[in-house]
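Chemist: Take a look at the following structure, please.
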Amino acid sequence: MRTGVALSNIKRVVSVFILRQRSNIDETQVALFRRCSSMPSFPNHWAAISGSKRNTMLLLSLLLEIGEETNLGELLGDYSHLLTRGLHVDVPKDETKGVFGGRVIRVYPFALRLPDDDEALWSKIEMRGTEHDQMKFQTISDFLDMKDPCVPSLVRAFHHATYGNYLNLPLDIKEWEKDRINGAAYLARQAVELASAHSQNKVQQLDGDLIIPQQIAMLRPSMIAIVNAMNEFYRQTTLLSKDVERIKKELLYSLTYEGDRCIELGCEMLMNMMHERNSTFVVVEATLKIILQRIIEKTSSKLSVICSESTPGDEGRLMATDIPGACCLHDEEFKQQIIEGKLDMVIVGADCILLEGNGVVNKVGTAELAAVCKQANVPIVSFADRWKVWEDCYCPPLEDIFELIPSDSFSHVVVPGGAHEDNVE
């Protein structure tokens, strides 16, 4: 879905917030660096370690910056496992003071959590290079209340890097964020309802000048339907000045409409594949319950539906109870059935389709399942609606339960009105 930012008009920057926790202090501390007066952009402003993307991989670009500006590589060795990435932040042109030719600055924020209570390590941290003249650790609350000049969107980037852990979120949004059972389509609709409920005719400003839709988006960055819906809510509210109730109705309608388009195309495509293969089995790994229910209604042939349990969330087990005649197998038993040639087809959903067609984000275990299907020459199809299309050229941040799967791992990746790739028959 549209973001309003042309990919060619973006200056990409990586940034990292270094965090430490002392046992005798309740609050986490964050490292801040003051940019030298000689810096061409934002001199004498406080910032995190940051720099222009210089590598095709964001992580490698970040490691280069950390290595040039600190001695953490020497102190920690391989510390990539200590890094987490949050949802990117687009710094508006009116805040960038014309740097980088007036392009939108897209910040990819990371958090680096140092080992707790390691005073010996902390005391050895040094600044390097010529970008900064001062470094300090301060508590998160002091940082959020800081009055000294900071680079644009520093606080917002911090909240993105830390997945909103330091935001004072409403209770109902906190409860929504904990849901690890329901899919992105359902949670996106709930997000629209929450954004509307916490907004009056004008969306309220909250922590760090973040408004409710922005806060919701950063909480589940792998579920792109949520991110896109919240970005569109924000765009229509701030740029188009639409009434909140109207925005809610239009977004809910679009989410439903695009979902129905995916369902109809899924039914048509899968029924054609069943006919071509003389197949009586359709196997579902975790999602797309409605597609299967409609196929069962439309076809006169006997259709067997088997769900993979889909641990750790057990979504497949829950779905099997909603589809008449369906059964559920443990994940390993499910894959063994594929290897033994007892299953004819596998369908899965997706939480994100990368715009350039080079990847699909779905629950952990999908990549292994796709590999098993390819080895056994069993078609595996991934379906998603257009709200799950990701417009950036980099994969979104991956929460613990998600993974990135190459598109060519699937027989088909299908998005109504968008991607429709035929890979393996």
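The values are calculated or read from the model by the stated rules, or taken from the named source; none is laboratory data. Fair warning: this is a prediction, and the values are worked out from it, not measured in the lab. Cβ sites come from the backbone with ideal geometry, for glycine too, and all protein chains shown count toward neighbours. To get the accessible areas, we keep the full protein, side chains included, count just its heavy atoms, and leave off ligands, DNA and RNA. Shrake-Rupley method; radii C 1.70, N 1.55, O 1.52, S 1.80 Å.
Chemist: Give the accessible surface of the chain per residue, rounded to a whole number of Å², with probe radius 1.4 Å and ligands, DNA and RNA excluded.
Modeler: 44
Chemist: What's the local net charge at Leu72, with K and R +1, D and E -1, over the other residues with C-beta under 14 Å away?
Modeler: Once positives and negatives cancel, what remains is -3.
Chemist: Additional query: Which trypsin sites (Lys or Arg not before Pro) does segment 1-100 hold that lie in a coil by DSSP with at most 13 other beta carbons within 10 Å?
Modeler: Within segment 1-100, the qualifying trypsin sites (Lys or Arg not before Pro) (loop, at most 13 other Cβ atoms within 10 Å) are Arg2, Arg54, Lys97.
Chemist: To continue, here is another question. Taking Cα centroids, how far is segment 221-280 from segment 302-330 in Å?
Modeler: Cα centroid to Cα centroid, the span is 24 Å.
Chemist: At 222 nm, what helix-only mean residue ellipticity would the chain give, in deg cm²/dmol to the nearest 500, using -39500 (n - 2.57) for each DSSP H run of four or more?
Modeler: It comes out at -10500 deg cm²/dmol, rounded to the nearest 500.
Chemist: Between beta-carbons, use under 12 Å as the cut-off and find the net charge around Thr130, counting Lys and Arg +1, Asp and Glu -1.
Modeler: Residues close to Thr130 contribute a combined charge of -2.
Chemist: Kindly provide the GluC sites (Glu not before Pro) of segment 101-192 that DSSP labels as loop, not H, G, I, E or B, and whose Cβ sees at most 16 other Cβ atoms within 10 Å.
Modeler: Those that pass, being in a loop and sparsely packed, are Glu126.
Chemist: With every protein chain kept in the model, how would you rank Tyr186, Tyr253, Tyr166, Tyr108 by accessible area, 1.4 Å probe, largest at the top?
Modeler: These residues rank, largest area first, as Tyr253, Tyr186, Tyr166, Tyr108.
Chemist: From the residues Ile125, Ile25, Ala191, which one has its Cα farthest along the dipole of the chain in the positive direction, the dipole being from +1 and -1 charges on Cβ of Lys/Arg and Asp/Glu about the Cα centre?
Modeler: Going by the Cα projections, it comes out as Ala191.
Chemist: If you don't mind, there's one more thing I want to ask. How about Lys124: which lysines have a C-alpha closer than 25 Å to its C-alpha, ignoring those fewer than 8 places off in the same chain?
Modeler: Lys136
Chemist: Leaving out ligands, DNA and RNA, and with a 1.4 Å probe, what % of the accessible surface on segment 1-151 is carbon or sulfur?
Modeler: That share works out to 49 percent.
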